[in-house]
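The values are calculated or read from the model by the stated rules, or taken from the named source; none is laboratory data. Source: prediction; values computed, not measured. Every residue, glycine as well, gets a Cβ built from its backbone with ideal geometry; the counts of neighbours run over all protein chains shown.
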Amino acid sequence: MTSDARFTAQADDFAVVRLSGVGVRYGDNQVLEGVDLALHPGTITALLGTNGAGKSTLIGAVSGANAAYTGEIAVAGETVRLASPTKARRAGIETVHQRIADGIVPDLSVADNLVLTDLTSGGHRVVRRRAAEAAARQALARLGLDWSDEVLRADAGRLGASDAQLLILARALRSTPRLLILDEPTSALTATEADRLFDVLRALRAEGLAILFVSHRFGEIERLADRILVLRDGRLELDAARPFDWHVALEAMLGVPTELQQHVTEPLSPGDEVLTVTGATLLPGATPLHLTVRGGQVTGILGLLGAGKTELAELVAGVRTDPAATLTLGGEPYRPATPVAAIDAGVALVPEERQRQGIQPGWSIARTVGLPVLREISRLGVVSTARERAVADEVIDAFDVVAPSSAATLDELSGGNQQKVIVGRWLRTTPTLALLDEPFRGVDIGARRRIGAAARSRAREGGAVVVLSSDVDEILEVADRIVVLVAGEVALDTPAGVLDRSRIVNALLGDAENRKETA
């Protein structure tokens, strides 16, 4: 899209995008109903709601991905039919979706991915490498990024989640949109990258851009948003400006009075030693790590992106090896050569990236849940579909999964419901050691509490549960013990409730050598 005056956000109070009676129906299911709202220039509006509340459906309608909406959408005062993402983009609406992989074309360079819209807009049939790299640098500079020629020429499909997220955002800003929609934009970013993104968004707001920001992290919204919208069951329940009353917002989201929970209630006492890790080097140059995990409690491993927490989880789960490391499980030597060997030993891993690592596209809930328990649901090598459905129904009921039936594919579910299925299928196996890597990423507070309650329930049964997260509040809410990793080393190891939040944050942000302490 050409960056001309038509696509420059206006600085007055005129609505950039206005929805009037917008609804979406899938068959007999009305997932969005009668939504009226206006998005104004120079305003950051946060969109909240539990998974399945209609947030993704609303974004789909405004971004052109959900063409079958009813009602009207007006852009800059003119009613338009947003029948495709290309038409939305031409109207000045850019969207950065939660599923990062959907926005990246593998086998194309990073630079080519950054200028991809030049090819799809019809004005360019060929983009030369030098021109693509120059345009890419200009786009990245908007985010304060200075990627090398080597990175710009690398296969974009090999980027980590954080860099891929920044690439997609930089590409969206090239068009100088009227409205920028960001769906969970910080889910794969470090705290430093998130802060830099917030600075960019504040600058864009000052320039008059309208921003619709979707996040489940109340702290982010409190720092950034001018206004909050809450969807529940497809209806707009709350439209509020600052100062925000989060108890009111939570009640609007969940439909019942509730309270913000910041710390675990009734901490669980540690039981017998389940896992020991000795001499493991998680990151190049890091001091070898020594860690013991006990049963009967939830151990929270807190670390920013690149701290080594995923490397630790993958070592224990047999995804990676470290010849210098010594592991024991239940007091016996433990060296899983493969994930299957780890599973057979009673170790279950819920991976960080559920879309790429935890979900098989097109599989039903029943098939997904049944995979780890094939011996239980099979006779003479033949899977019993009735047993498979029964096992899946157990998970659906236990985790309040919103789905038509166990025959529905995971692709049809919201992110939070997908996560509940993935966590539920592994906790149902009652593992000796459950490793949950970023289990709350991209899920609403209701799903977060359900997953957290299930983790604590498994711990009460005597199992060892390790929750790995980059979010302090998530760990405070679920863990009985908190271990902070910085640069592959233990910077803090404390029972929950002993240290206040500020000391935990200091350890998280500090240097491992200077911050290390044990409470």
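Could you check the range 374-397 and list, in sequence order, the residues that are aliphatic (A, V, I, L, M) and surrounded by fewer than 16 Cβ atoms within 10 Å (Cβ to Cβ)?
Kept after step one, since they are aliphatic (A, V, I, L, M), are these residues of the range 374-397: 374, 377, 380, 382-383, 386, 390-392, 395-396.
Residues satisfying the conditions are Leu374, Leu380, Val382, Val383, Ala386, Ala390.
When the residues of the range 427-442 are filtered to those that are within 19 Å of the chain's Cα centre (by Cα) and closer than 12 Å to Val350 by Cβ, the one that is surrounded by the fewest Cβ atoms within 10 Å (Cβ to Cβ) is Arg441.
Taking the condition of being among the polar types (S, T, N, Q) and in a loop (DSSP other than H, G, I, E, B), how many residues in the range 30-80 meet it?
From the range 30-80, those among the polar types (S, T, N, Q) are 30, 43, 45, 50-51, 56-57, 63, 66, 70, 79; that's our starting set.
Filter once more, keeping what is in a loop (DSSP other than H, G, I, E, B): 43, 50-51, 66.
The qualifying residues number 4.
Ala170 - would you say it is outside the structural domain of Arg89 (by TED's automatic domain parsing), at pLDDT 80 or above and of a type in the set (A, V, I, L, M, F, W, C)? When the stated conditions are applied, Ala170 passes them. Please find, within the range 348-372, the residue that is nearest to Ser187 (Cα to Cα) out of those that are touching a Leu at 6+ places or on another chain (Cβ under 7 Å) and either of a type outside the set (A, V, I, L, M) or in a loop (DSSP other than H, G, I, E, B) (or both). Filtering the range 348-372 for residues that are touching a Leu at 6+ places or on another chain (Cβ under 7 Å) and either of a type outside the set (A, V, I, L, M) or in a loop (DSSP other than H, G, I, E, B) (or both), the one nearest to Ser187 (Cα to Cα) comes out as Ile359. Taking the listed residues Pro257, Pro270, Pro185, the one that is touching a helix residue (DSSP H, G or I) at 6+ places or on another chain (Cβ under 6 Å), modelled with pLDDT under 90 and not basic (Lys, Arg) is Pro257, with no other qualifying.
With the structure loaded, tell me whether Arg375 is modelled with pLDDT of 85 or more and in a helix (DSSP H, G or I) or whether it fails that test. Criteria not met by Arg375. Can you find, within the range 319-338, the residue that is nearest to Gln419 (Cα to Cα) among those that are within 29 Å of the chain's Cα centre (by Cα) and surrounded by 17 or more Cβ atoms within 10 Å (Cβ to Cβ)? So, considering only residues that are within 29 Å of the chain's Cα centre (by Cα) and surrounded by 17 or more Cβ atoms within 10 Å (Cβ to Cβ), the one nearest to Gln419 (Cα to Cα) is Val319. Those residues that are in a helix (DSSP H, G or I) and either among the hydroxyl-bearing types (Ser, Thr, Tyr) or within 23 Å of Ala91 (Cβ to Cβ) (or both), I need them from the range 207-247; list them, please. The answer is Glu207, and nothing else.
I need every pair where a residue in the range 307-334 that is touching a residue at least 60 places away in the same chain (Cβ under 8 Å) has its Cβ under 7 Å from the Cβ of a residue that is surrounded by fewer than 22 Cβ atoms within 10 Å (Cβ to Cβ) and in a helix (DSSP H, G or I), sequence separation at least 6 or different chains. Correct list of pairs: Ala317/Pro339. Of all residues in the range 58-110, those being within 24 Å of the chain's Cα centre (by Cα) and either under 30 Å from Arg130 (Cα atoms) or of a type in the set (Gly, Ala, Ser) (or both) number 20.
If I ask for residues that are in a strand (DSSP E or B), of a type in the set (S, T, N, Q) and more than 19 Å from Gly452 (Cα to Cα), which ones from the range 286-314 would you list? Residue satisfying the conditions is Thr292 alone.
Out of curiosity, is Gly144 out of contact with any helix residue (DSSP H, G or I) (no Cβ under 8 Å at 6 or more places or on another chain), among the small types (Gly, Ala, Ser) and not assigned by TED's automatic domain parsing to the domain that holds Thr57? Break it down stepwise before answering.
Numbers: out of contact with any helix residue (DSSP H, G or I) (no Cβ under 8 Å at 6 or more places or on another chain): no; among the small types (Gly, Ala, Ser): yes; not assigned by TED's automatic domain parsing to the domain that holds Thr57: yes.
Judged against the criteria, Gly144 is not a match.
Residues checked against (1) assigned to a loop (DSSP other than H, G, I, E, B); (2) under 20 Å from Leu166 (Cα atoms):
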| position | (1), (2) |
| --- | --- |
| Leu82 | yes, no |
| Thr86 | no, no |
| Arg89 | no, yes |
| Thr95 | no, yes |
| Gln98 | yes, yes |
| Asp102 | no, yes |
| Asp107 | yes, yes |
| Asp112 | no, yes |
| Thr117 | no, yes |
